[in-house]
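Below you'll find the structure, written out as structure tokens, and then a few comments.
The values are calculated or read from the model by the stated rules, or taken from the named source; none is laboratory data. Treat the numbers as computed from the prediction; the structure is a model and nothing was measured. Reconstructed Cβ throughout: ideal geometry from the backbone, glycine too, with neighbour counts over all protein chains shown. To get the accessible areas, we keep the full protein, side chains included, count just its heavy atoms, and leave off ligands, DNA and RNA. Shrake-Rupley method; radii C 1.70, N 1.55, O 1.52, S 1.80 Å.
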Amino acid sequence: MTNLLDVKDLKMHFPVRRGVMQRVTGQVKAVDGVSFAIKPGETLGLVGESGCGKTTVGRSILRLLDPTAGSVMFDGTDVLAADRGELRALRRNMQIIFQDPYASLNPRMSVADIVGEGLKVHGLVKGRRAVQERVADLLTKVRLDPSYVNRYPHEFSGGQRQRIGIARAVSLNPKFIVCDEAVSALDVSIQAQIINLLMDLRDELGLSYLFVAHDLSVVRHISHRVAVMYLGKIVETASTKTLFEAPMHPYTKALLSAVPVANPTTKKERVPLTGDVPSPLSPPSGCAFHTRCPAVMDKCKVETPPVRDVGDGHTYVCHLEAG
Ligand code: SF4
């Protein structure tokens, strides 16, 4: 099957300026050579601690940020070279659901205006009544009462607000949605409901997702494949089953250690993750994870680790060999 989204060697470097002259004194390599692909109907989980660059990847793909280098092909269109007209068409097909359902909805706009804004901008539905009817349909789709169309964001709970954000994202019948920490701000029980809703919508509408989260347990049920990021780079990619059952990279193993097991009698190797993520302004030499890796060797401090291919789409970046 052809890929819907193809991201190659994506880089997003932010200049660091200092002094009265605002001279550039360094670069924060927030995203530093990230590649992956997503097929129609597929969900890729993108996981890592905060500051690893995963949110920047999501925003760069949508051109909410202008990446420094790389290529992003979406459904045959070169996203990074798209002019205003092409971008407008792309925006119909590429949407985003933000993390904070409190901050991402304008408190002065009614639900009809929030969810119906895109429909009006793209001229898909004309007239107030028609917009209200379409928004009511969309509310039903996200399992909210359609009579809520004239209410305002403050009248809803966090989970309900996120459903409004989802209704807004699917309003234009997109093919692809970046879910940017879309459930991170919600209680665990609500998280499960929203993830189930996103999975149902994916099947019903044929959507593909890039599901960005810092918590591996959150991406497990929704993702077909998972990519793990550390300091601007992907360090391991595998099918969700393989990543959870046979992780190879020490960082993935450490992240998995923090995931609670359903059966408390299940034995699990614990690899505590110590220390903070180093500054992307001056990342460690060699393998960027060497300052925190329990398996660190001398060469890890000086040599860039190779990409190792375990087969079946499972790759990891490390000096440790498989097996
Ligand atoms: Fe650890 Fe070395 Fe592998 Fe990096 S290359 S993850 S430091 S073993």
Exercise for the section: Report the longest stretch of the chain that contains none of the trypsin sites (Lys or Arg not before Pro) sitting in a DSSP loop with at most 12 other Cβ atoms within 10 Å. Expected result: 127-266
Completion exercise
Yeah, the chain with a ≥ b ≥ c from its alpha-carbon gyration tensor (a/c under 1.5 is rounded, else prolate when a/b outruns b/c, oblate otherwise) is prolate
Practice task
Quick one: check the C-alpha center-to-center distance for segment 182-233 versus segment 148-168, whole angstrom.
Solution key: 20
Practice task
Using only protein heavy atoms and a 1.4 Å probe, report how much of His319 is accessible, in Å² to the nearest 10.
Solution key: 20
Practice task
Taking the Cα centre of the chain as origin, sum charge times position over the Cβ atoms of Lys and Arg (+1) and Asp and Glu (-1), and report the length of that vector in debye to the nearest 20.
Solution key: 700
Handout entry: Partners for Lys39 among aspartates and glutamates (Cα-Cα distance below 19 Å; same-chain residues under 8 apart left out)
Key = Asp6, Asp9, Asp75, Asp78, Asp180, Asp200, Asp203, Glu204, Glu236, Asp312
Fill in the blank from the handout: Counting as exposed only GluC sites (Glu not before Pro) in DSSP loop states with no more than 12 other Cβ atoms inside 10 Å, the longest exposed-site-free span of the chain is 1-268
Completion exercise
Within segment 288-308, the residues whose backbone N lies under 14 Å from a label point placed 7 Å from the Cα of Glu321 along the Cα-to-Cβ direction are 306, 308
Practice task
Compute the Cα gyration tensor for segment 84-142, then decide on rounded, prolate or oblate, letting a ≥ b ≥ c be the square roots of its eigenvalues: rounded whenever a/c is under 1.5, prolate when a/b is larger than b/c in the other cases, and oblate in all that remain.
Solution key: oblate
Handout entry: Cα-projected label distance for Ala258 with Glu204, points at 7 Å along beta-carbon direction, nm
Key = 3.4
Handout entry: Solvent-accessible ranking of Ser71, Ser110, Ser147, largest area first, probe 1.4 Å
Key = Ser147, Ser71, Ser110
Practice task
Please report, in debye to the nearest 20, how large the charge dipole of segment 75-198 is about its Cα centre when each Lys and Arg carries +1 at its beta carbon and each Asp and Glu carries -1 there.
Solution key: 540
Practice task
Could you tell me what percent of the DSSP beta bridges with both partners in the chain are antiparallel, to the nearest 5?
Solution key: 65
Exercise for the section: Give the ranking of Thr304, Thr237, Thr55 by solvent-accessible surface, highest area first, calculated with a 1.4 Å probe. Expected result: Thr304, Thr55, Thr237
Completion exercise
The relative contact order of the chain, taking Cα pairs under 8 Å that sit 6 or more residues apart, comes to a percentage of 20
Exercise for the section: Could you please put Asp83, Asp200 in sequence from largest to smallest accessible area, using a 1.4 Å probe? Expected result: Asp83, Asp200
Handout entry: Rounded to 10°, Cα long-axis angle of helix 84-93 versus longest principal axis of the chain
Key = 90
Exercise for the section: Might you work out the accessible area of Met199 for me, using a 1.4 Å probe with all protein chains in place, and round it to the nearest 10 Å²? Expected result: 40
